[in-house]
1. For Met127, Met1, give the ranking by accessible area with the largest first, probe 1.4 Å.
2. Give me the accessible area per residue for the chain, probe 1.4 Å, as a whole number in Å².
3. Taking all protein chains as present, what is the carbon and sulfur share of the accessible area of segment 65-113, in % to the nearest whole number, probe 1.4 Å?
4. Taking only the alpha-carbon atoms of the chain, what semi-axes of the equivalent ellipsoid follow from 5 times the gyration tensor eigenvalues under a square root, in whole Å, largest first?
5. Measuring from centroid to centroid over Cα atoms, what is the spacing of segment 1-43 and segment 172-238 in Å?
6. Which of Gly245, Gly166, Gly91 ends up with the largest GNM mean-square fluctuation for the chain, with Cα atoms connected below 10 Å?
7. Set the Förster radius R0 to 25 Å, insert the Cβ-Cβ distance between Glu226 and Arg204 as r into 1/(1 + (r/R0)^6), and round the FRET efficiency to 0.05.
8. Only Lys, Arg, Asp and Glu count, each charged at its Cβ (+1, +1, -1, -1), so figure out the dipole size of the chain about its Cα centre, rounded to 20 debye.
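The values are calculated or read from the model by the stated rules, or taken from the named source; none is laboratory data. Note that the structure is a prediction, hence the values are computed from the model and not measured. Here Cβ is always computed from backbone atoms with ideal geometry, including for glycine, and neighbour counts include all displayed protein chains. Note: accessible area is taken over every heavy atom of the protein model, side chains too, but ligands, DNA and RNA are not part of it. Shrake-Rupley method; radii C 1.70, N 1.55, O 1.52, S 1.80 Å.
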Amino acid sequence: MDLGISGRKAIVCASSRGLGRGSAEALADAGCELVINGIDAARLEKTADDIRARYGAKVTAVAADVSTREGQDALLAACPEPDILVNNNGGPPFRDFRELDREAILKGVAQNMVTPIELIQRVIDGMAERGFGRIVNITSLSVKMPIAGLDLSSGARAGLTAFLAGVARDYAAKNVTINNVLPGKIDTDRLASGFERASANTGRPIAEIREEQTRDIPAARFGTAEEFGKVCAFFCSAGTGYVTGQNIVVDGGLYPAAF
Ligand code: NAD
(Lines give C-alpha, C1' and ligand atoms only; values in the text may rest on other atoms or scores of the structure.)
Protein backbone atom coordinates (compact mmCIF):
# COMPACT_ATOMS: atom_id res chain seq x y z
CA MET A 1 0.00 0.00 0.00
CA ASP A 2 1.43 3.38 -1.02
CA LEU A 3 1.03 5.69 1.97
CA GLY A 4 1.78 8.76 -0.18
CA ILE A 5 4.48 10.08 2.17
CA SER A 6 7.65 9.15 0.33
CA GLY A 7 10.25 11.90 0.91
CA ARG A 8 8.38 13.31 3.92
CA LYS A 9 10.48 14.16 6.97
CA ALA A 10 9.57 12.42 10.22
CA ILE A 11 10.71 12.76 13.81
CA VAL A 12 10.02 9.60 15.80
CA CYS A 13 10.70 10.09 19.51
CA ALA A 14 11.94 7.25 21.72
CA SER A 15 12.50 4.93 18.78
CA SER A 16 15.67 2.91 19.38
CA ARG A 17 13.48 -0.10 20.22
CA GLY A 18 9.91 -1.19 20.88
CA LEU A 19 6.87 0.68 19.59
CA GLY A 20 8.85 3.74 18.52
CA ARG A 21 11.19 1.59 16.48
CA GLY A 22 8.27 -0.29 14.91
CA SER A 23 6.79 3.06 13.89
CA ALA A 24 10.13 4.35 12.55
CA GLU A 25 10.57 1.20 10.46
CA ALA A 26 7.08 1.46 8.96
CA LEU A 27 7.73 5.11 8.04
CA ALA A 28 11.11 4.20 6.53
CA ASP A 29 9.33 1.52 4.51
CA ALA A 30 6.94 4.24 3.28
CA GLY A 31 9.93 6.26 2.02
CA CYS A 32 10.24 8.84 4.81
CA GLU A 33 13.45 10.51 5.95
CA LEU A 34 13.81 9.85 9.65
CA VAL A 35 15.13 11.37 12.81
CA ILE A 36 15.16 8.66 15.42
CA ASN A 37 15.84 9.07 19.11
CA GLY A 38 16.68 7.19 22.27
CA ILE A 39 18.72 7.48 25.43
CA ASP A 40 21.25 4.73 24.82
CA ALA A 41 23.50 6.11 22.04
CA ALA A 42 25.04 2.76 21.07
CA ARG A 43 21.66 1.04 20.76
CA LEU A 44 20.30 4.01 18.81
CA GLU A 45 23.19 3.94 16.30
CA LYS A 46 22.67 0.21 15.80
CA THR A 47 18.94 0.80 15.13
CA ALA A 48 19.80 3.59 12.67
CA ASP A 49 22.23 1.28 10.83
CA ASP A 50 19.64 -1.51 10.70
CA ILE A 51 16.96 0.79 9.26
CA ARG A 52 19.34 2.26 6.66
CA ALA A 53 20.41 -1.23 5.59
CA ARG A 54 16.89 -2.64 5.43
CA TYR A 55 15.01 0.25 3.78
CA GLY A 56 17.72 2.44 2.23
CA ALA A 57 16.25 5.33 4.23
CA LYS A 58 18.05 8.50 5.28
CA VAL A 59 18.22 8.22 9.08
CA THR A 60 19.65 10.72 11.57
CA ALA A 61 20.13 9.44 15.11
CA VAL A 62 19.71 11.91 17.98
CA ALA A 63 20.68 10.46 21.35
CA ALA A 64 18.88 12.63 23.90
CA ASP A 65 16.27 12.65 26.64
CA VAL A 66 13.16 13.85 24.81
CA SER A 67 11.66 15.07 28.09
CA THR A 68 14.28 17.85 28.33
CA ARG A 69 14.39 21.15 26.49
CA GLU A 70 17.92 20.30 25.26
CA GLY A 71 16.71 16.95 23.91
CA GLN A 72 13.86 18.62 22.05
CA ASP A 73 16.22 21.30 20.70
CA ALA A 74 18.50 18.56 19.37
CA LEU A 75 15.61 16.79 17.63
CA LEU A 76 14.43 20.00 15.98
CA ALA A 77 17.95 21.00 15.00
CA ALA A 78 18.22 17.68 13.15
CA CYS A 79 14.83 18.23 11.50
CA PRO A 80 13.65 21.86 11.71
CA GLU A 81 10.61 21.34 9.44
CA PRO A 82 9.10 17.94 10.14
CA ASP A 83 6.06 16.78 8.17
CA ILE A 84 5.43 13.97 10.65
CA LEU A 85 5.90 13.84 14.41
CA VAL A 86 5.47 10.61 16.36
CA ASN A 87 5.41 11.37 20.07
CA ASN A 88 6.65 8.54 22.25
CA ASN A 89 8.54 8.33 25.52
CA GLY A 90 9.34 5.95 28.34
CA GLY A 91 6.35 5.12 30.52
CA PRO A 92 5.98 5.30 34.32
CA PRO A 93 6.89 2.10 36.19
CA PHE A 94 4.11 -0.18 37.49
CA ARG A 95 3.42 1.08 41.01
CA ASP A 96 0.68 1.19 43.63
CA PHE A 97 -0.58 4.78 43.42
CA ARG A 98 0.00 5.25 47.17
CA GLU A 99 3.73 4.83 46.59
CA LEU A 100 3.93 7.75 44.17
CA ASP A 101 5.23 10.94 45.74
CA ARG A 102 4.74 14.36 44.17
CA GLU A 103 8.08 14.20 42.35
CA ALA A 104 7.23 10.84 40.74
CA ILE A 105 3.76 12.05 39.72
CA LEU A 106 5.12 15.24 38.17
CA LYS A 107 7.79 13.23 36.32
CA GLY A 108 5.10 10.98 34.81
CA VAL A 109 3.01 13.97 33.77
CA ALA A 110 6.09 15.64 32.25
CA GLN A 111 7.00 12.47 30.33
CA ASN A 112 3.63 11.47 28.97
CA MET A 113 1.69 14.73 28.79
CA VAL A 114 3.88 17.84 28.84
CA THR A 115 6.66 16.59 26.55
CA PRO A 116 4.43 15.73 23.58
CA ILE A 117 2.55 19.02 24.01
CA GLU A 118 5.84 20.97 23.99
CA LEU A 119 6.97 19.31 20.78
CA ILE A 120 3.61 19.89 19.12
CA GLN A 121 3.74 23.58 20.11
CA ARG A 122 7.07 23.85 18.31
CA VAL A 123 6.17 22.10 15.04
CA ILE A 124 2.48 22.57 14.37
CA ASP A 125 2.42 26.10 12.96
CA GLY A 126 5.12 25.20 10.44
CA MET A 127 3.09 22.18 9.39
CA ALA A 128 0.01 24.37 8.99
CA GLU A 129 1.93 26.91 6.87
CA ARG A 130 3.24 24.13 4.62
CA GLY A 131 -0.24 22.58 4.36
CA PHE A 132 0.69 19.12 5.61
CA GLY A 133 1.23 17.64 9.04
CA ARG A 134 0.64 14.29 10.68
CA ILE A 135 1.09 13.98 14.43
CA VAL A 136 0.62 10.64 16.16
CA ASN A 137 0.91 10.24 19.92
CA ILE A 138 1.67 6.79 21.22
CA THR A 139 -0.46 6.67 24.36
CA SER A 140 -1.91 3.53 25.98
CA LEU A 141 -5.00 1.36 26.31
CA SER A 142 -4.83 2.49 29.95
CA VAL A 143 -6.45 5.76 28.79
CA LYS A 144 -9.66 3.85 28.10
CA MET A 145 -9.38 0.98 30.54
CA PRO A 146 -7.79 0.97 34.00
CA ILE A 147 -4.71 -1.25 34.26
CA ALA A 148 -3.57 -2.08 37.80
CA GLY A 149 -0.38 -0.25 38.71
CA LEU A 150 -0.52 2.13 35.73
CA ASP A 151 -2.71 4.89 37.18
CA LEU A 152 -0.09 7.55 36.52
CA SER A 153 0.22 6.45 32.91
CA SER A 154 -3.58 6.55 32.56
CA GLY A 155 -3.87 10.00 34.09
CA ALA A 156 -1.02 11.68 32.21
CA ARG A 157 -2.02 10.24 28.85
CA ALA A 158 -5.72 10.98 29.37
CA GLY A 159 -4.65 14.56 30.13
CA LEU A 160 -2.72 14.65 26.86
CA THR A 161 -5.68 13.24 24.96
CA ALA A 162 -8.12 15.80 26.36
CA PHE A 163 -5.66 18.68 25.90
CA LEU A 164 -5.17 17.87 22.23
CA ALA A 165 -8.81 17.15 21.39
CA GLY A 166 -9.43 20.85 20.84
CA VAL A 167 -6.03 21.56 19.26
CA ALA A 168 -6.66 18.84 16.66
CA ARG A 169 -9.86 20.58 15.53
CA ASP A 170 -8.13 23.97 15.36
CA TYR A 171 -5.66 22.64 12.76
CA ALA A 172 -7.92 20.28 10.79
CA ALA A 173 -8.52 22.80 8.00
CA LYS A 174 -4.76 23.09 7.44
CA ASN A 175 -4.35 19.37 6.65
CA VAL A 176 -2.63 18.86 10.00
CA THR A 177 -4.00 15.92 11.96
CA ILE A 178 -3.40 14.78 15.53
CA ASN A 179 -4.35 11.22 16.43
CA ASN A 180 -3.51 8.90 19.31
CA VAL A 181 -2.62 5.24 18.88
CA LEU A 182 -3.28 3.17 22.00
CA PRO A 183 -1.22 0.00 22.46
CA GLY A 184 -2.75 -2.85 24.43
CA LYS A 185 -0.18 -5.56 25.11
CA ILE A 186 2.58 -5.38 22.54
CA ASP A 187 5.57 -7.68 22.88
CA THR A 188 8.43 -5.27 23.60
CA ASP A 189 11.24 -5.15 26.14
CA ARG A 190 8.96 -3.12 28.42
CA LEU A 191 6.31 -5.83 28.42
CA ALA A 192 8.97 -8.52 28.95
CA SER A 193 10.51 -6.67 31.89
CA GLY A 194 7.08 -6.62 33.57
CA PHE A 195 6.87 -10.41 33.27
CA GLU A 196 10.41 -10.82 34.61
CA ARG A 197 9.51 -8.71 37.63
CA ALA A 198 6.28 -10.64 38.22
CA SER A 199 8.20 -13.91 37.98
CA ALA A 200 10.86 -12.70 40.44
CA ASN A 201 8.15 -11.57 42.88
CA THR A 202 6.04 -14.73 42.72
CA GLY A 203 8.48 -17.47 41.76
CA ARG A 204 6.23 -18.45 38.85
CA PRO A 205 7.81 -19.25 35.47
CA ILE A 206 7.79 -16.42 32.93
CA ALA A 207 6.16 -18.67 30.31
CA GLU A 208 3.22 -19.32 32.64
CA ILE A 209 2.75 -15.60 33.32
CA ARG A 210 2.91 -14.80 29.61
CA GLU A 211 0.33 -17.47 28.80
CA GLU A 212 -1.98 -16.17 31.52
CA GLN A 213 -1.66 -12.61 30.20
CA THR A 214 -2.81 -13.61 26.71
CA ARG A 215 -5.97 -15.36 27.96
CA ASP A 216 -8.14 -12.23 27.93
CA ILE A 217 -6.95 -11.12 24.49
CA PRO A 218 -9.38 -12.20 21.76
CA ALA A 219 -6.47 -12.47 19.31
CA ALA A 220 -4.95 -14.97 21.79
CA ARG A 221 -1.48 -13.43 21.56
CA PHE A 222 0.49 -10.28 22.18
CA GLY A 223 0.88 -7.80 19.35
CA THR A 224 4.20 -7.06 17.67
CA ALA A 225 6.00 -3.73 17.37
CA GLU A 226 5.91 -4.23 13.60
CA GLU A 227 2.11 -4.47 13.57
CA PHE A 228 1.83 -1.47 15.85
CA GLY A 229 4.19 0.54 13.63
CA LYS A 230 2.11 -0.12 10.53
CA VAL A 231 -0.98 1.35 12.23
CA CYS A 232 1.02 4.37 13.35
CA ALA A 233 2.38 4.91 9.81
CA PHE A 234 -1.12 4.60 8.36
CA PHE A 235 -2.26 7.56 10.46
CA CYS A 236 0.75 9.48 9.14
CA SER A 237 -0.26 8.75 5.56
CA ALA A 238 -1.41 11.27 2.97
CA GLY A 239 -4.88 9.73 2.73
CA THR A 240 -5.80 10.23 6.39
CA GLY A 241 -6.21 14.02 6.30
CA TYR A 242 -9.91 13.70 7.19
CA VAL A 243 -9.26 11.73 10.41
CA THR A 244 -8.25 13.79 13.41
CA GLY A 245 -8.59 13.80 17.18
CA GLN A 246 -9.15 10.04 17.24
CA ASN A 247 -8.01 7.27 19.57
CA ILE A 248 -7.12 4.10 17.72
CA VAL A 249 -6.78 1.01 19.87
CA VAL A 250 -4.22 -1.64 18.83
CA ASP A 251 -4.99 -4.45 21.25
CA GLY A 252 -6.14 -7.63 19.50
CA GLY A 253 -9.71 -6.92 20.65
CA LEU A 254 -8.85 -6.64 24.36
CA TYR A 255 -10.91 -3.49 24.98
CA PRO A 256 -14.44 -4.84 25.17
CA ALA A 257 -16.61 -2.19 23.56
CA ALA A 258 -18.90 -1.79 20.56
CA PHE A 259 -17.70 1.81 20.04
P1 NAD B 1 10.45 -0.01 25.44
O2 NAD B 1 10.96 0.09 26.84
O3 NAD B 1 10.52 -1.33 24.76
O4 NAD B 1 11.16 1.08 24.53
C5 NAD B 1 11.23 2.40 24.99
C6 NAD B 1 12.03 3.27 24.05
O7 NAD B 1 11.95 4.60 24.54
C8 NAD B 1 13.51 2.96 23.96
O9 NAD B 1 13.91 3.19 22.63
C10 NAD B 1 14.15 4.00 24.89
O11 NAD B 1 15.47 4.34 24.52
C12 NAD B 1 13.24 5.16 24.65
N13 NAD B 1 13.19 6.15 25.72
C14 NAD B 1 12.77 5.96 27.00
N15 NAD B 1 12.82 7.11 27.68
C16 NAD B 1 13.27 8.06 26.81
C17 NAD B 1 13.52 9.45 26.90
N18 NAD B 1 13.30 10.11 28.04
N19 NAD B 1 13.99 10.10 25.82
C20 NAD B 1 14.19 9.46 24.66
N21 NAD B 1 13.96 8.14 24.50
C22 NAD B 1 13.51 7.45 25.57
O23 NAD B 1 8.92 0.49 25.55
P24 NAD B 1 7.67 0.24 24.58
O25 NAD B 1 6.99 -1.02 25.00
O26 NAD B 1 8.09 0.43 23.17
O27 NAD B 1 6.69 1.42 25.04
C28 NAD B 1 6.73 2.71 24.48
C29 NAD B 1 5.68 3.55 25.19
O30 NAD B 1 4.39 2.94 25.02
C31 NAD B 1 5.90 3.66 26.69
O32 NAD B 1 5.52 4.94 27.13
C33 NAD B 1 4.95 2.61 27.26
O34 NAD B 1 4.54 2.91 28.57
C35 NAD B 1 3.79 2.71 26.27
N36 NAD B 1 2.98 1.49 26.25
C37 NAD B 1 3.49 0.30 25.85
C38 NAD B 1 2.68 -0.83 25.83
C39 NAD B 1 3.20 -2.16 25.37
O40 NAD B 1 2.41 -3.12 25.34
N41 NAD B 1 4.44 -2.33 25.01
C42 NAD B 1 1.34 -0.73 26.23
C43 NAD B 1 0.85 0.52 26.64
C44 NAD B 1 1.66 1.62 26.63
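1. Ranked from most to least accessible, the order is Met1, Met127.
2. Here the residues of the chain average 48 Å² of exposed surface.
3. Reported share for carbon and sulfur atoms: 53 percent.
4. Computed over the chain, the values are 28, 20, 19 Å.
5. Cα centroid of segment 1-43 versus Cα centroid of segment 172-238: 18 Å apart.
6. Maximum fluctuation in the GNM of the chain, among the listed residues, is at Gly166.
7. Here the calculated transfer efficiency is 0.30.
8. So the dipole magnitude of the chain works out to roughly 240 debye.
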